[in-house]
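Student: There's a structure below that I have some questions on.
The values are calculated or read from the model by the stated rules, or taken from the named source; none is laboratory data. Computed from a predicted model, the values in this text were never measured in an experiment. A quick note on method: Cβ atoms are made from the backbone with ideal geometry, for glycine too, and the neighbour counts reach across all protein chains shown. Keep in mind that these areas ignore ligands, DNA and RNA; they rest on the heavy atoms of the full protein, side chains included. Shrake-Rupley method; radii C 1.70, N 1.55, O 1.52, S 1.80 Å.
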Amino acid sequence: MSAQTEEGWPRLTKFVLSACAASVAELVTFPLDLTKTRLQIQGEAAIRDHGGSVPYRGMMRTAAGIIEEEGLFKLWQGVMPAVYRHIVYSGVRMVAYEQLRDSVLGKAEDDSFPFWKSVIGGMMAGAIGQFFASPTDLVKVQMQMEGRRRLEGKPPRVRGMYHAFVTILSKGGIRGLWAGWVPNVQRAALVNMGDLTTYDSVKHVLLRNTSLGDNVICHSIASVCSGVVAATLGTPADVIKTRIMNQPRDKNGRLPGPWYSGLLMNKLEDSSA
């Protein structure tokens, strides 16, 4: 398919295609996302319940524990808000990026788009997309933790996606749906920056210094490298975001701010080391 044909597509078509692709990707990778969320909460739960004496379980042991203790299909608990999150995030990010590229940042005289502008545009578009998708992220995190809460003998907070939205709205109002949005937006901006810069840089290094052509192998290597860098940059903000979203609310539906959560997390885990 030519680039000219793709450029001629209406934005609605691009939105639908990107949403479909994002939904399939989310369904396939969601067990990894659930395992990641449980790992991010694990240290906080160990400190709160056992004074930090419970050892960390790695990714494989955590995933195996979910299957053994809760059942295989619990690996997909919270998948629907995750799919909705990807539809909103991918669609808004795509539309925002094209708008920034064409109307705000602007292309060069030869109709090319400078690399530094693509990085800025990608960070801004990712941040905007994540802001709009943050409520679905909040519901996803709370649903992902329900299985663990039941095993700990705690009462369920939510009984499904709709109930989670209603509960959050009733306790915190519209503002409560955006709990943890600051580190969430930071994470999206960092991930997009790492993804864009690394992918392009690695691809050009491979094309200049190896015998690889502009083919699937070259793109695969660049994708793996960009994924590692993006995950490394985004994980600290992601951990803080997850812990904020999992925190209980007071009677007014309020949560501590993101910096409080991050500082408290570091203080508790340092003291337990």
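Student: Go through the residues of the stretch 130-137 one by one and say whether even a single one is closer than 21 Å to VAL191 by Cα, in contact with a Pro (Cβ under 8 Å, 6 or more places away or on another chain) and either open to solvent by less than 80 Å² (accessible area, probe 1.4 Å) or of a type outside the set (D, E, K, R) (or both).
Tutor: yes
Student: Restricting the stretch 209-251 to residues that are open to solvent by 30 Å² or more (accessible area, probe 1.4 Å) and among the hydroxyl-bearing types (Ser, Thr, Tyr), which is nearest to the chain's Cα centre (by Cα)?
Tutor: Once the filter is applied, the top-ranked residue is THR235.
Student: Applying the selection to the stretch 166-186, what residues are open to solvent by less than 60 Å² (accessible area, probe 1.4 Å) and either under 15 Å from ILE244 (Cβ atoms) or at pLDDT 90 or above (or both)?
Tutor: ILE168, GLY172, GLY176, LEU177, ALA179, GLY180, VAL182, PRO183, ASN184, VAL185
Student: Of all residues in the stretch 141-163 being touching a Pro at 6+ places or on another chain (Cβ under 7 Å) and open to solvent by less than 70 Å² (accessible area, probe 1.4 Å), which is modelled with the lowest pLDDT?
Tutor: Looking at residues that are touching a Pro at 6+ places or on another chain (Cβ under 7 Å) and open to solvent by less than 70 Å² (accessible area, probe 1.4 Å), I get ARG149.
Student: Please go through (1) at pLDDT 85 or above; (2) over 30 Å from ARG93 (Cα atoms); (3) within 20 Å of the chain's Cα centre (by Cα) for PRO31 and return the number of the only condition it doesn't satisfy.
Tutor: Going through (1) at pLDDT 85 or above; (2) over 30 Å from ARG93 (Cα atoms); (3) within 20 Å of the chain's Cα centre (by Cα) one by one, PRO31 breaks only (2).
Student: Could you tell me whether any residue of the stretch 94-112 is without any contact (Cβ under 8 Å) to a residue 12 or more places away in the chain and under 24 Å from the mean Cα position of the chain (by Cα)?
Tutor: So far as the stretch 94-112 goes, yes, one or more of its residues are without any contact (Cβ under 8 Å) to a residue 12 or more places away in the chain and under 24 Å from the mean Cα position of the chain (by Cα).
Student: With the requirement that a residue be open to solvent by less than 40 Å² (accessible area, probe 1.4 Å), in a helix (DSSP H, G or I) and modelled with pLDDT under 70, what does the stretch 41-90 give you?
Tutor: Selection gives GLY43, ALA45, ALA46, ILE47.
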